[in-house]
Amino acid sequence: METFTKGKFARLSLLQDPAYGVPSDVTFQIVRVTIEGTAEIREVLGDVTGHKLVFAAASSVFRDEFFGGLKETTDVIPVKETTFEAFEKLMFFIYQKDIDWSGVTVPEMYDVVNLAERYIMPELMDEMMKQMENVPLANNDDLLNIAHTATQFNHLFPDVSSALLLSCAKFLQKTIPPSARLQFAIDQSGTGKEATVLQLLSLAKDLPPVECSNCGNVECMDGQVVVGIDQFTVGLKLRVNKSCANWDGGQFAGIVHTVKRVNKNNRTVDVRGQPDPIVWSNSHTFCYWCI
């Protein structure tokens, strides 16, 4: 999963190095403004320095700001309604610096999306779409939290939010079988995310079917008996069939067994964790373990 933006013109980033000898001519001062009573409180979150010409080449908004008819006459530009981290990443993108997104939360990524729209930077917006599609999801809590965030930003950034929701729907499709989705939806009752769940289920329903990464079937075979030597493949995860008399019934049922080797000529299956290959005799020893 790609969580890294690689700069395409590394030499441009040298302009950000004071040792290179090209001094900056503009400072963007990231400011948070809060109102307390009738007073306006300004808090400087940080400064981002750069070169007007480089920023102007990346964005028509910056071009007009620095070289238009009503150009700025100061070299210190206050920037409101964003974060220092978001504007810094915008600067990294402009100067073709490498950007690591692995530690960036989804709300923080939306901060960058907001800047890409504000400064009319379609290339940065395309990159953010790509990163949203690759947001890592580890479990159902991640799925719901990230999908719910996407719905909250949908009215502001519909294309980006749609890409993120589609990625979440694909995760749901792969991890929650159709037979378990109704219960999954019921479990979210009272969480405030009911509408999000319904939207995910609707998106997942319209997705083309995908094969299970373990059994290889569109309709997952989890828990069903592995029938026939041809169904065993290297890497297949199994559990012992509790209804089978082999291995003392369900004694090994809590262990995940993985196929290491299959010899169809002598009908043996070498299972990781067992000292000797198992001779296949159509005794329905194993079930698929796809969860």
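The values are calculated or read from the model by the stated rules, or taken from the named source; none is laboratory data. As the structure is a prediction and not an experimental result, all values here were calculated from the model. Note that we place each Cβ from the backbone using ideal geometry, even for glycine, and neighbour counts take in every protein chain shown. Please note that ligands, DNA and RNA were not included when accessible areas were found on the heavy atoms of the full protein model with its side chains. Shrake-Rupley method; radii C 1.70, N 1.55, O 1.52, S 1.80 Å.
To the nearest 10 Å², what's R63's accessible area with a 1.4 Å probe?
Near enough 110 Å² of accessible area.
Taking +1 at the Cβ of each Lys and Arg and -1 at the Cβ of each Asp and Glu, which of I255, A86, I120 sits farthest along the dipole of the chain towards its positive end, judged by Cα position relative to the Cα centre?
Farthest towards the positive end: I255.
Compactness ratio of the chain: Cα Rg over 2.2 N^0.38 Å, N = residue count?
1.44
What percentage of the solvent-accessible surface of segment 57-206, computed with a 1.4 Å probe over protein heavy atoms, is contributed by carbon and sulfur atoms?
Using a 1.4 Å probe with all protein chains present, segment 57-206 comes out at 52 percent carbon and sulfur.
Extent of segment 130-218 along each principal axis, from alpha carbon coordinates, in Å, largest to smallest?
Between the extreme Cα coordinates on each principal axis of segment 130-218 lie 40, 33, 23 Å.
Keeping all protein chains in place and using 1.4 angstrom, which order do K130, K205 fall into by accessible surface area, from largest down?
Greatest to least solvent exposure: K205, K130.
Tell me which residues come under 5 Å, amide H to amide H, from V271 once H is placed; ignore anything under 5 positions away on its chain.
K260, I278
Please calculate how many Å² of accessible area the chain carries per residue, with a 1.4 Å probe and no DNA, RNA or ligand atoms counted.
Per residue, the chain has an accessible area of 56 Å².
Compute, for T5, the solvent-accessible surface of its heavy atoms (probe 1.4 Å) with the complete set of protein chains present, and express it in square angstrom to the nearest 10.
Approximately 10 Å² of T5 is accessible to the 1.4 Å probe.
Which log10 I(q)/I(0) values does segment 1-50 give at q = 0.20, 0.31 Å⁻¹ under the Debye formula, counting every alpha carbon as one identical point scatterer?
-0.83, -1.08
What full-extension length gain, to one decimal in nm, is calculated for I41 and A195 as 0.36 nm per residue of separation minus the Cα-Cα distance?
51.7 nm
Amide H of V79 versus every other amide H placed in the peptide plane: which residues, excluding those fewer than 5 positions away on the same chain, fall under 5 Å?
Distant-sequence amide H within range of V79: Q29, I30, V31.
Using a cut-off of 12 Å between alpha-carbon atoms, which aspartates and glutamates can reach K174, once sequence neighbours fewer than 8 places away in the same chain are excluded?
Cross-link targets: E211, E219.
Residue by residue through segment 109-123, what is 3J(HN,Hα) from phi via Karplus (6.51 cos²θ - 1.76 cosθ + 1.60, θ = phi - 60°)? Round to whole Hz and write x for glycine and proline.
5, 5, 4, 6, 4, 4, 5, 4, 6, 4, 9, 6, 10, x, 5
Relative to the longest principal axis of the chain, what angle (0 to 90°, nearest 10) does the C-alpha long axis of helix 140-152 take?
Rounded to the nearest ten degrees, it is 40.
Straight-line reach from K264: which lysines have Cα under 22 Å away, leaving out those fewer than 8 places along the same chain?
By straight Cα distance, K264 reaches K237.
Could you pull out every residue, at least 5 positions away or on a different chain, whose amide H is within less than 5 Å of the one on C215? Hs are placed 1.01 Å off N in the peptide plane, and Pro or chain starts have none.
Excluding prolines and chain starts, which carry no amide H, the hits are M221.
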